[in-house]
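Here is the structure we will look at.
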Amino acid sequence: MCKVTIDGIEVEAAEGATILEAAPLARAFVPTLCFLKGLNNLGSCRLCSVEIEGRPNLVPACNTKVSDGMVIDTKSDRVQRYRRMAMELILSDYRPDPLRDPDNAGRTQLERVAKMVGVDASRFSQPDSSVVREPLVESNPFLSFDPNICIRCQRCVAACNEGAHNHILGTVHRGTRATIDAPFGPDWNANTCESCGCCAAACPTGAISQKRTRSYSLKDVKRVRTTCPHCAVGCQFNFMVKDGRIVDTEALDGPSNKGLLCVKGRSASFDFVTSPDRVSTPLIKNRETGEFESATWDEALDLVATKMMRIRDEFGGDAIASFACSRSTNEDVYMLQKMTRTVFKTNNVDSCARV
Ligand code: SF4
Ligand code: SF4
Ligand code: SF4
């Protein structure tokens, strides 16, 4: 541990902790923009800059480690002036669509942080009349890229390369022309992008976004936390529910997914809920017609139970094996093995979560 003083309060921080990690120990709040926990600590936006006693320059809190005896100021006048200037420079070429949904204006992380540091507009922005808007890149059915509101923070690159390990995204060009080479154009399906959407979830401006977010305003949805139904990883996310219908997902910082989702969890975990093709009652095959017919749960369970018991009595328990689906909950899988061992009298139990 090392003793550090943050905004006049002495705290003990773990050796190797960053100033950003240590700040909450002294109840200090440090704003961030390009920082993405565990994935991106480039310190390129400079909004988390703080002052350290004895050092001439401000340093980014996200990638500067504490050391014993360090005296840190997270909110001096100099720090606040510096953050406002950094934000004005970032906003100088941030050009949101003037026709965007006003309900969503001010809701991006960039806009929230700008408000937090006290910046409404940038003195360095070009007048609207002289701005040439770049076309959207949006042939991908799920994702789109709007270069006009990209602030080149690199969060998407970190999410794709370090989080999803897909190594698709990168920066092209230099200086003020630098932009993200987003693979969502006409050849969107000719690369190895998995349309997982981790880049869109990481983007603090909505420059990379999922198209379906256009179908709702954040003020109209309520969030319901759940576990992805698709595999045994058990990723955590919120369903975004509008008028009783699931319209989207939002990854959470769960123990196994840490804010990431694969394409199945993010985009294929809810449409089926209201699909007209969904099988919503048990079906029993009519032996005479060969067609499946709707049945009640009692009828279906009685039929299965009768047949299973007949197999056990006629051929012995080892003629039966239970194979649990990895999409089932722990509790359901536990009950399946319990029933297999105690009712069918066999230890033939397995699960596809094991492979
Ligand atoms: S697309 Fe979004 S996350 Fe990527 S660099 Fe631009 S603003 Fe940052
Ligand atoms: S959708 Fe996934 S794979 Fe494709 S660029 Fe974004 S993060 Fe990378
Ligand atoms: S989001 Fe993907 S990896 Fe996570 S539980 Fe769902 S299917 Fe599995």
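For region 62-75, take each phi angle, set θ = phi - 60°, evaluate the Karplus expression 6.51 cos²θ - 1.76 cosθ + 1.60, and give the result in whole Hz per residue in order, putting x for glycine and proline.
6, 10, 10, 7, 6, 9, 4, x, 5, 10, 10, 10, 9, 9
Please go through the residue pairs Lys37/Lys242; Lys65/Lys211; Lys222/Lys338; Lys75/Lys115 and name each one whose alpha carbons sit more than 27 Å apart in this structure. Intermediate values should be presented prior to the final figure.
Values: Lys37/Lys242 29 Å; Lys65/Lys211 39 Å; Lys222/Lys338 38 Å; Lys75/Lys115 16 Å.
Among Lys37/Lys242; Lys65/Lys211; Lys222/Lys338; Lys75/Lys115, the Cα-Cα distance tops 27 Å for Lys37/Lys242; Lys65/Lys211; Lys222/Lys338.
State the answer as a single residue: which of Val137, Leu169, Val117 lies farthest towards the positive end of the charge dipole of region 97-192, with beta carbon charges of +1 for Lys and Arg and -1 for Asp and Glu, about the Cα centre.
Val117
Based on DSSP loop calls and a cut-off of at most 16 other Cβ atoms within 10 Å, the longest stretch of the chain free of exposed chymotrypsin sites (Phe, Trp or Tyr not before Pro) is what?
125-355
Taking every Cα atom in region 178-334, find the radius of gyration and the maximum pairwise distance Dmax, and write them in Å.
21.6, 73
Along the principal axes of its C-alpha atoms, what lengths does region 222-279 span, in descending order and rounded to whole Å?
For region 222-279, the Cα extents along the three principal axes come out at 33, 24, 14 Å.
Karplus couplings for region 35-47 from phi (6.51 cos²θ - 1.76 cosθ + 1.60, θ = phi - 60°), rounded to Hz, Gly and Pro as x?
Each residue's phi maps through the Karplus curve to give 5, 9, 3, x, 10, 9, 9, 4, x, 7, 7, 6, 6 Hz.
If we count other beta carbons within 10 Å of each Cβ, what is the order of Met87, Met309, fewest first? Write out the running numbers ahead of the final one.
Values: Met87 25, Met309 13.
Listing Met87, Met309 from fewest to most nearby Cβ atoms yields Met309, Met87.
What ranking of Val50, Val119 emerges when the number of other C-beta atoms within 10 Å of each C-beta is taken as an exposure proxy, fewest first?
With the fewest neighbours first, Val50, Val119 line up as Val119, Val50.
Taking Cα pairs under 8 Å and at least six residues apart, what relative contact order does region 79-193 come out at, in percent? Don't jump to the answer; show the numbers that get you there.
Numbers: 117 pairs, mean separation 27.5, N = 115.
Dividing the mean separation by the residue count of region 79-193 yields 24 percent.
What number, in percent, do you get for the relative contact order of the chain if the mean sequence gap of Cα pairs under 8 Å and at least 6 apart is divided by its residue count?
Result for the chain is 10 percent.
Mind checking Rg over Rh on region 113-164, alpha carbons, Kirkwood formula for Rh?
1.06
Comparing Ala202, Ala182, Ala190, which has the greatest mean-square fluctuation in the GNM of the chain with Cα pairs linked when under 10 Å apart?
Ala190
If you build the convex hull over the alpha carbons only and average its shadow over all orientations, what do you get for the chain? Give it in nm² to one decimal. Before the final figure, lay out each step's value.
Numbers: hull surface 102.8 nm².
Hull-based average projected area comes out at 25.7 nm².
Plugging the Kirkwood radius over Cα pairs into Stokes-Einstein for region 272-333, at a temperature of 20 °C and a viscosity of 1.002 mPa s, what D comes out in µm²/s? Provide the component values of the computation, followed by the final result.
On the way: Rh = 14.4 Å.
The estimated diffusion coefficient comes to 149 µm²/s.
For region 266-330, which GluC sites (Glu not before Pro) are both in a DSSP coil and crowded by at most 11 other Cβ atoms within 10 Å?
Glu288, Glu291
Enumerate the whole-percent occupancy of each 10 Å bin, from 0 to the last occupied one, for all C-alpha pair distances of region 77-175.
12, 38, 36, 12, 1
Determine the percent antiparallel among the DSSP beta bridges restricted to the chain, to the nearest 5.
85
Can you report the principal axis dimensions of region 6-68 using only the alpha carbons, biggest first, rounded to whole angstrom?
Result for region 6-68: principal-axis Cα extents of 28, 26, 19 Å.
Which semi-axis lengths, in whole Å and largest first, follow from the square roots of five times the eigenvalues of the Cα gyration tensor of region 309-355? It would help to have the intermediate numbers written out before the result.
Working: eigenvalues 89, 22, 10 Å².
For region 309-355, the semi-axes come out at 21, 11, 7 Å.
Output needed: percent of Cα pairs per 5 Å distance bin for region 18-132, bins running from 0 to the one holding the longest distance.
Reading upward from the zero bin: 2, 11, 20, 21, 18, 12, 8, 5, 3, 1, 0.
Return a whole-number percent for the relative contact order of region 11-123, with Cα pairs under 8 Å and 6 or more residues apart as the contact set.
Working: 139 pairs, mean separation 28.5, N = 113.
Computed over region 11-123, the figure is 25 percent.
Grab the DSSP H runs of the chain that are 4 residues or longer, score each as -39,500 (n - 2.57), total them, divide by all residues and round the 222 nm result to the nearest 500 deg cm²/dmol.
Taken over the chain, the calculation gives -6000 deg cm²/dmol.
Below 24 Å, Cα to Cα, which lysines can Lys345 reach? Residues fewer than 8 away in the same chain don't count.
Correct list for Lys345: Lys307.
By how many degrees, between 0 and 90 and to the nearest 10, does the Cα long axis of helix 330-342 differ from the longest principal axis of the chain?
For helix 330-342, the angle is close to 20 degrees.
What percentages, rounded to whole numbers, describe P(r) for region 242-308 computed over all alpha carbon pairs with 5 Å bin width beginning at zero?
Values per bin, smallest distances first: 3, 13, 14, 14, 12, 10, 13, 12, 7, 2, 0.
Quick one: putting +1 on the C-beta of Lys and Arg, -1 on the C-beta of Asp and Glu, what dipole do you get for the chain around its Cα centre, in Debye to the nearest 20?
Working: 45 positive and 44 negative charges, 117 e Å.
In total the dipole reaches around 560 debye.
Non-local amide H neighbours of Lys75 (under 5 Å, H modeled in plane, Pro and chain starts lacking H): which ones?
Excluding prolines and chain starts, which carry no amide H, there are no hits.
Which Cα, out of Ala182, Met87, Gly265, lies furthest along the positive dipole direction of the chain (beta carbon charges, K/R +1, D/E -1)?
Positive-end residue among those listed: Met87.
Check Ile6: other-chain or 5+ apart residues with amide H under 5 Å from its amide H, H built from backbone geometry?
The answer is Val11, Ile72.
Computed from the coordinates by the stated procedures, all read-outs in this text should not be read as laboratory data. Please read these numbers as outputs of a predicted model, since none were measured by experiment. Glycine also receives a Cβ, built like all others from the backbone with ideal geometry; neighbour counts cover every protein chain displayed.
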